[in-house]
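K.L.:
Next up is a structure, given as structure tokens.
The values are calculated or read from the model by the stated rules, or taken from the named source; none is laboratory data. This is a predicted model, so every value here is computed, not measured. Cβ: placed from backbone, ideal geometry, glycine included. Neighbour counts: every protein chain shown.
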Amino acid sequence: MRKNENLQIIFYRAAILMEMLLAGCILLMILILTGVMLADYFADVKSLYYDDAFENFLRKILSFAIGIEFVKMLVQHRPENVIDVLIFAISRQMIVEHTGIIEMLLRIVGIGLLFAIQKFLIAKTKVTDGGGMNHYICESEDEDG
């Protein structure tokens, strides 16, 4: 039975390591693509005068913000991070896309529900680490992880 537990620990640690590598790859891609995007915009300044230039810029930047939130979700396994990713994704769609009033209303209600879930259903406890950073953890989490 001891060998089985050791094997489970090894696989669990390998999975965590793979998640961290994946998160690192996503962050690296976000950095590279942000640099490429900015270089493209500054290389052709005339293209910034087109009507949809800012909309395209906003679409890309907000996608990068969602990617960063996704990395946070991979690194810290907390329910709040999942909800944050969903809120960012829905908000991005609301800002970037021009949809009908019903669809916009449904997205607003969805974001409101996500905020309500985050506020009332996910109990958080504030923890301060040695560096003065505040972290929030779920009260329902056990000490093991």
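K.L.:
Name the residue that is farthest from residue 74 (Cα to Cα), counting only residues in the stretch 1-60 that are of a type outside the set (A, V, I, L, M, F, W, C) and in contact with a Leu (Cβ under 7 Å, 6 or more places away or on another chain). Talk me through it step by step, then tell me what you get.
P.N.:
Initial filter on the stretch 1-60 (of a type outside the set (A, V, I, L, M, F, W, C)): 2-6, 8, 12-13, 19, 24, 34-35, 40-41, 44, 46-47, 49-52, 55-56, 59-60.
Narrowing the set further to residues that are in contact with a Leu (Cβ under 7 Å, 6 or more places away or on another chain) leaves 19, 41.
Values: 19: 6, 41: 31 Å.
In this case the residue turns out to be 41.
K.L.:
Another question, then. Kindly check whether there is at least one residue in the stretch 36-51 that is touching a residue at least 12 places away in the same chain (Cβ under 8 Å) and over 19 Å from residue 93 (Cα atoms).
P.N.:
Of the residues in the stretch 36-51, the ones touching a residue at least 12 places away in the same chain (Cβ under 8 Å) are 37, 41.
Restricting the remaining residues to those that are over 19 Å from residue 93 (Cα atoms) gives 37, 41.
Checked the stretch 36-51: at least one residue is touching a residue at least 12 places away in the same chain (Cβ under 8 Å) and over 19 Å from residue 93 (Cα atoms).
K.L.:
Is it the case that residue 107 is in contact with a Cys (Cβ under 8 Å, 6 or more places away or on another chain) and touching a residue at least 12 places away in the same chain (Cβ under 8 Å)? Let's see the steps before the verdict.
P.N.:
On the way: in contact with a Cys (Cβ under 8 Å, 6 or more places away or on another chain): no; touching a residue at least 12 places away in the same chain (Cβ under 8 Å): yes.
Taking the combined requirement at face value, the residue does not satisfy it.
K.L.:
List, please: which pairs have Cβ atoms under 8 Å, are six or more places apart or on different chains, and start with a residue in the stretch 73-95 that is under 19 Å from residue 106 (Cβ atoms) and end with one that is among the acidic types (Asp, Glu) and assigned to a helix (DSSP H, G or I)?
P.N.:
85/69; 88/69
K.L.:
Among the residues of the stretch 41-70, what is the count of those that are closer than 24 Å to residue 98 by Cβ and in a helix (DSSP H, G or I)?
P.N.:
Pass one, the stretch 41-70, residues closer than 24 Å to residue 98 by Cβ: 41, 47-67, 69.
Of the ones still in play, those that are also in a helix (DSSP H, G or I) are 41, 47-49, 53-67, 69.
Selection size over the stretch 41-70: 20.
K.L.:
Report whether or not residue 11 is surrounded by 10 or more Cβ atoms within 10 Å (Cβ to Cβ) and either under 22 Å from residue 92 (Cβ atoms) or among the β-branched types (Val, Ile, Thr) (or both). Reasoning before the result, please.
P.N.:
On the way: surrounded by 10 or more Cβ atoms within 10 Å (Cβ to Cβ): yes; either under 22 Å from residue 92 (Cβ atoms) or among the β-branched types (Val, Ile, Thr) (or both): no.
The answer is no for residue 11.
K.L.:
Report, by residue number, each residue of the stretch 96-143 that is closer than 18 Å to residue 76 by Cα and at pLDDT 85 or above.
P.N.:
Residue satisfying the conditions is 118 alone.
K.L.:
While we're on this one: Could you tell me which of the residues 93, 76 is more than 26 Å from residue 35 (Cα to Cα) and at pLDDT below 90?
P.N.:
Being more than 26 Å from residue 35 (Cα to Cα) and at pLDDT below 90 holds for just one of 93, 76, which is 76.
K.L.:
For residue 73, indicate whether it is over 11 Å from the mean Cα position of the chain (by Cα), part of a helix (DSSP H, G or I), surrounded by 14 or more Cβ atoms within 10 Å (Cβ to Cβ) and not acidic (Asp, Glu). Before you say what the answer is, go through the steps one by one.
P.N.:
Values: over 11 Å from the mean Cα position of the chain (by Cα): no; part of a helix (DSSP H, G or I): yes; surrounded by 14 or more Cβ atoms within 10 Å (Cβ to Cβ): yes; not acidic (Asp, Glu): yes.
Spelling it out, it is not the case that residue 73 is over 11 Å from the mean Cα position of the chain (by Cα), part of a helix (DSSP H, G or I), surrounded by 14 or more Cβ atoms within 10 Å (Cβ to Cβ) and not acidic (Asp, Glu).
K.L.:
Given the criterion over 26 Å from residue 93 (Cα atoms), hydrophobic (A, V, I, L, M, F, W, C), out of contact with any Asp or Glu (no Cβ under 8 Å at 6 or more places or on another chain) and in a helix (DSSP H, G or I), identify the matching residue among 17, 33. Give the derivation first.
P.N.:
Numbers: 33 fails: over 26 Å from residue 93 (Cα atoms).
Result of the check over 17, 33: 17.
K.L.:
Can you tell me how many residues in the stretch 1-28 are hydrophobic (A, V, I, L, M, F, W, C) and in contact (Cβ under 8 Å) with a residue 12 or more places away in the chain?
P.N.:
Just the residues of the stretch 1-28 that are hydrophobic (A, V, I, L, M, F, W, C), to begin with: 1, 7, 9-11, 14-18, 20-23, 25-28.
Subset that is in contact (Cβ under 8 Å) with a residue 12 or more places away in the chain: 20, 22-23, 26-27.
So the count comes out to 5.
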